Amino acid sequence: MIARGHELTTHTYHHRRMADVTKAIFFEELKLAELAYQEATGRPVPTFMRFPYASYLEENMEWLREWSYLVIEGEDTVD
């Protein structure tokens, strides 16, 4: 997919509802997702994401900013 010009990014590791997790679990999800991405692609992780189930709180946005992430908002596509 990358070779065809598509951009891939993380969507958390365990696909949890991020509005329901602690800050420690939130960052563990990001860390695991980043490691898996780098291992699979050999590339740096893009610093943008979309929350699973569109589930997030304003504090989650603040936590992402700590890691210089951008957030892609959208509808829950139930997929």
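The values are calculated or read from the model by the stated rules, or taken from the named source; none is laboratory data. All values reported here derive from a predicted model rather than from experimental measurement. All Cβ positions, even for glycine, are placed from backbone atoms using ideal geometry, and neighbour counts span all protein chains on display. Surface accessibility is based on the protein's heavy atoms, side chains included, excluding ligands, DNA and RNA. Shrake-Rupley method; radii C 1.70, N 1.55, O 1.52, S 1.80 Å.
Miscellaneous remarks
- Subset of segment 18-33 [open to solvent by 40 Å² or more (accessible area, probe 1.4 Å) and either among the β-branched types (Val, Ile, Thr) or at pLDDT below 95 (or both)]: Thr22, Ile25
- Checked against (1) of a type outside the set (A, V, I, L, M); (2) out of contact with any Phe, Trp or Tyr (no Cβ under 7 Å at 6 or more places or on another chain); (3) open to solvent by less than 60 Å² (accessible area, probe 1.4 Å); (4) modelled with pLDDT of 90 or more, Arg43 passes all but a single condition, namely (3).
- Of all residues in segment 46-79, those being modelled with pLDDT of 90 or more, among the hydrophobic types (A, V, I, L, M, F, W, C) and open to solvent by less than 60 Å² (accessible area, probe 1.4 Å) number 3.
- If you go through segment 28-57 and keep only what is farther than 12 Å from Val71 by Cα and touching a residue at least 40 places away in the same chain (Cβ under 8 Å), you end up with just Arg43.
- Residue count for segment 20-53, restricted to those that are of a type in the set (Lys, Arg) and part of a helix (DSSP H, G or I): 2
- Residue in segment 7-17 that is surrounded by the fewest Cβ atoms within 10 Å (Cβ to Cβ), counting only those that are without any contact (Cβ under 8 Å) to a residue 40 or more places away in the chain and of a type outside the set (A, V, I, L, M, F, W, C): Glu7
- Residue selected from segment 18-63 under the condition of a type in the set (Val, Ile, Thr) and within 12 Å of the chain's Cα centre (by Cα), by the criterion nearest to Ala3 (Cα to Cα): Val45
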